[in-house]
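Undergrad: The structure that follows is given in the form of structure tokens.
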Amino acid sequence: MIKTAIITGTVLISLTTSAQQKEGRVIFQRTLELNISLPGNPEMANALPTTRTDNFELNFTGNIASWKQVEEIEPEENRGGGLVLRIAGSDELNWFDMSTSRRLRQSELGGKNYLVSDSIQKGNWKLTDETKTILGHSCRKAISTVVSRRFTTSMDNGRLERKESPDTSQSVAWFTSDIPVSVGPEIQGQLPGLILELSSRSGKVLYTAVEISAKPDMQMLKEPTKGKKISSADFVKERDKLMEQMQQTNSGPGGNVRFMITQ
């Protein structure tokens, strides 16, 4: 039987040895499961990929961390029938300050730059005794049930719709105490060590560390200032307003295209 321990909220980390790595840069590969349907065009639907792979970089030092997609040439596996699939929000810069539970998101919407302020979300995790080695680091398994939101975007006869529904899923993280910083993909300030692998959305999203460096990109750790300052709630309103404008622009005769990407 697996023994578990439950931790809630932000974990305060005590750095016990000076030899432990306290800053660095990690490259993650993200594999995202896609669920796309194209009624009336099965040939194109069959040509589309069922997964998408992207690389992201995590920089950290002390209580500060940043997360951003690595700019690179679009890999062939992300193309289908000449169509390149792009995931909304992938090009954002996310900046975190664990000491104040503050998050800033530098995002572009409708040709405008925004600086979205939010708080770092807390979580409930069960730590197990299961371990495995990732990139030479001993990692421990943690499990969490996450209540989040699922988005479905569809276009029907030129009418663009974005629906949001509640979604309960499981996340599985593998973290290492060798690098005692509470950061990782998607999750900040919740586990007592760097997350080197994360399966979220019940396995629909998988992050795997492929490279670790002891030297962070300090430029990426500077607090972002570019963009109109806005709250997370107001940014959602701006996004919904833009979606409505796009819907009006695309109203009228058009093809039936429906697609859904779990995020």
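Undergrad: Return the only residue of 126, 141, 132 being exposed (fewer than 13 other Cβ atoms within 10 Å of the Cβ), at pLDDT 95 or above and over 17 Å from residue 243 (Cβ atoms). Even if it seems obvious, please write down each step before you answer.
TA: On the way: 126 fails: exposed (fewer than 13 other Cβ atoms within 10 Å of the Cβ); 141 fails: exposed (fewer than 13 other Cβ atoms within 10 Å of the Cβ).
Of 126, 141, 132, the one residue that is exposed (fewer than 13 other Cβ atoms within 10 Å of the Cβ), at pLDDT 95 or above and over 17 Å from residue 243 (Cβ atoms) is 132.
Undergrad: Quick check, is residue 74 surrounded by fewer than 15 Cβ atoms within 10 Å (Cβ to Cβ) and at pLDDT below 90?
TA: Yes; evaluated as a whole, the condition is true for this residue.
Undergrad: Sort through 169, 154, 165 and tell me the only one that's at pLDDT below 95, open to solvent by less than 70 Å² (accessible area, probe 1.4 Å), touching an Asp or Glu at 6+ places or on another chain (Cβ under 6 Å) and assigned to a strand (DSSP E or B). Please lay out each step first, then the result.
TA: Numbers: 169 fails: touching an Asp or Glu at 6+ places or on another chain (Cβ under 6 Å); 165 fails: touching an Asp or Glu at 6+ places or on another chain (Cβ under 6 Å).
Exactly one residue qualifies, and that residue is 154.
Undergrad: Another question about this same structure. Among residues belonging to segment 103-118 that are in a strand (DSSP E or B), loosely packed, with under 15 Cβ neighbours inside 10 Å and of a type outside the set (S, T, N, Q), point out the one that is nearest to the chain's Cα centre (by Cα).
TA: 108
Undergrad: Which one of these does residue 121 not meet: (1) within 27 Å of residue 61 (Cβ to Cβ); (2) at pLDDT 95 or above; (3) surrounded by fewer than 17 Cβ atoms within 10 Å (Cβ to Cβ); (4) not charged (D, E, K, R)?
TA: The number of the failed condition is (2).
Undergrad: Counting only residues that are at pLDDT 65 or above and β-branched (Val, Ile, Thr), give me the strands (runs of 3 or more DSSP E) lying completely in segment 1-68 with at least 3 of them. Break it down into steps so the answer makes sense when it comes.
TA: On the way: elements: 5-8, 23-33, 35-37, 51-61.
Per the criteria, 23-33, 51-61.
Undergrad: Another question about this same structure. Counting only residues that are in contact with a Gly (Cβ under 9 Å, 6 or more places away or on another chain) and of a type in the set (S, T, N, Q), which one in segment 181-199 is nearest to residue 134 (Cα to Cα)?
TA: If we take residues in segment 181-199 being in contact with a Gly (Cβ under 9 Å, 6 or more places away or on another chain) and of a type in the set (S, T, N, Q), then 182 is nearest to residue 134 (Cα to Cα).
Undergrad: I'm trying to understand the selection: among the residues of segment 104-122, which are under 16 Å from residue 234 (Cβ atoms) and of a type in the set (Val, Ile, Thr)?
TA: If the condition is that a residue be under 16 Å from residue 234 (Cβ atoms) and of a type in the set (Val, Ile, Thr), then 116 is the only one that fits.
The values are calculated or read from the model by the stated rules, or taken from the named source; none is laboratory data. Just so you know, these numbers come straight off a predicted model, no measurement behind them. We place every Cβ from the backbone using ideal geometry, glycine too, and count neighbours over all the protein chains shown. Side chains included, ligands, DNA and RNA excluded: accessible areas come from the protein's heavy atoms. Shrake-Rupley method; radii C 1.70, N 1.55, O 1.52, S 1.80 Å.
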